[in-house]
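What follows is one structure encoded as C-alpha cells, with my remarks underneath.
Derivation of every value follows stated rules applied to the coordinates shown; laboratory data play no part. All of these numbers come straight from a predicted model, not from anything done at the bench. So basically every Cβ, Gly included, is an ideal-geometry build from the backbone, and we count neighbours across all protein chains shown.
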Amino acid sequence: MSRPTNRIWLSPPHMGGGEAAYVKEAFETNWVAPMGPHVDRFEEELAAFVGVKHVAALSSGTAAIHLALIILGVERGDEVLASSFTFSATVNPIVYQGATPVLVDSEPGTWNMCPDLLEEAIRGRLGKGKKPRAIIPVHLYGMPARMDRIMEIAGEHGIPVIEDAAEALGSSYRGRMLGSLGDMAVLSFNGNKIITTSGGGALLSGSGKHIREARFLATQARDEAPHYQHSHIGFNYRMSNVLAGIGRGQMEVIGERIRQRRANNAFYREFLQGVQGIAFQDEPDGDFFSNYWLTAITVDPALGVNPEVIREALERERIDCRPLWKPMHLQPVFTGCPAYVNGVSENLFNRGLCLPSGSGLTPREKAFIRDTLSRVIMNK
C-alpha cells in the first residue's frame, strides 16, 4: 500500500457541510461578537441532545471547569478530588482557585476514577479535617466512569460532582447521556474532539441558577446598570456567535460522527484480534456505551515490541500516534499534591497508545495504518 499524500492525524476536525451556512449567516447579520442567536440555539441543541435543562456555551472546557468550581464556592485552601488519569486541563482550574487537587487513581475496567479509592480518599481527607469541596471524575477517551457508584459515594458525604465529559459527547451510562449525571458537567469542542467549534466548551447543569451564574461570570460579571459596574470578578469566557455557528453545523452530524468513531474502533479490533499482547479499552458490559473518541490500546511486553517502538514506526510513516495521558500524580507540577494511587494509571501510561481515530479516515488511510501496524507488531 502506497503512502497517502497527507499526514494521518490522530483526531483532526471533520466538517459536515452545514457549518459554512451558519457562519455566513453570522457575518451577514453582523453577529460576530460573543453571544448571539447561534449561541442561544447551540445551547438549546446541546441541552436536548444530552438531556439536561440548562447549558452555557463557553470559550473552552477549561473555562467550564473553572466556572463550576467558582459556583461551588471553591476557594484558597480548599481541596478538590479529581481523576489522576486525565489531561491537565481537568486539574489546572483547581489551582486557579488556590485550592489543592487531591488525585485519585483509576480502576482497571474503565481506566477511570476508582470508586474504592475515591472512598479511601474522602475518608483520608476527612481524617485530616479537610472535607473535599467537589469531585471531578473524567470519562476518559469517551469511556463512561462508574457514575452510579461515584454519585452514591458523593451523596453519602454531601460532595457535589463536576462531570468531566470533555471527551465523551454522545457516550452514555445505563441509558443516560454523559454530561447529565453530575451536579454540573463540562464538554469540550476543541479541534480534536468528536465535534468542534474550533475552540470552545460548555457547562451543563440541571440547575438554572448555576447556569445563570456561569453566564454572568463568563461575561465579565457586569452588574445591571447603565454604566459599567462590577461587584464580582468576571471572566471573558463566553463563546462567540461565529463559533457557535460552527457548532450548530457539527450537531447536525453528531450521530454520524459517533458511528464513524465506533467503526474505527471496530476496524482496529478486527485486524488485531488474536494478537497476544494487544488489549483495548473496553466497555465492561451493556451499561456502558462509549463514543470511542480515541481508540486506545495497551501493549504487553510479551509482544516483544514496546509502545514507543510502535509510535516511532508510525511516525516515520507520518501517522500520528500518541501515548496515553501521563497521570497527574506523575506530572512535575502536581507532585506535591495528595494522591491515592494503586498503580493502574501508571501501568496504562507505560504500556498504552492512542491510535489514529479521526471520523474522516479514508479506506486508503485505514489500509495504510493496518499494513504499517502489521509490519511492526506482527512482523508481516
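Some notes on this structure:
- Per-residue HN-Hα couplings for segment 65-78 [Karplus 6.51, -1.76, 1.60; θ = phi - 60°; Hz; x = Gly/Pro]: 5, 4, 5, 4, 5, 4, 4, 7, x, 5, 9, 4, x, 6
- Long-range lysine pairs (8 or more apart or interchain), the chain, Cα under 21 Å: 4
- Projecting label points 7 angstrom from Cα along Cα→Cβ for Asn379 and Asn306 puts them 1.9 nm apart.
- The trypsin sites (Lys or Arg not before Pro) found in segment 18-77 that occupy coil by DSSP, while having at most 11 further C-beta atoms within 10 Å, are Arg76.
- Filtered trypsin sites (Lys or Arg not before Pro), segment 97-178: DSSP coil and at most 13 other beta carbons within 10 Å: Lys128, Arg174
- Fraction of beta bridges assigned by DSSP in the chain that are antiparallel (%, nearest 5): 60
- Across segment 254-377, the relative contact order, built from alpha-carbon pairs under 8 Å that are at least six residues apart, equals 31 percent.
- Note on segment 254-377: with charges restricted to the Cβ of Lys and Arg (+1) and Asp and Glu (-1), its dipole about the Cα centre is near 380 debye.
- Mean Cα-pair separation over length for the chain, i.e. relative contact order, pairs under 8 Å, 6 or more apart, %: 25
- FRET efficiency, 1/(1 + (r/R0)^6) with R0 35 Å, evaluated for Ser207 and His227 via beta carbons: 0.70
- Cα gyration tensor shape for segment 203-243, rounded if a/c is under 1.5, else prolate or oblate: oblate
- Gyration tensor (alpha-carbon) shape descriptor, the chain, a/c threshold 1.5: oblate
- Dipole of the chain [Lys/Arg +1, Asp/Glu -1 at C-beta], most positive-end residue of Ile194, Ile162, Pro144: Ile194
- Toward the positive end of the charge dipole of the chain, with +1 on the Cβ of Lys and Arg and -1 on the Cβ of Asp and Glu, the farthest Cα among Ala20, Ile71, Thr5 is that of Thr5.
- Segments 349-361, 157-169, 221-233 sorted - mean Cβ within 10 Å per residue, highest first: 157-169, 349-361, 221-233
- Considering only Leu126, Ser357, His54, and ranking their Cα positions along the charge dipole of the chain that arises from unit charges at the beta-carbon of Lys, Arg, Asp and Glu, the one farthest toward the positive end is Ser357.
- Distance from segment 177-240 to segment 246-297 (C-alpha centre basis), Å: 29
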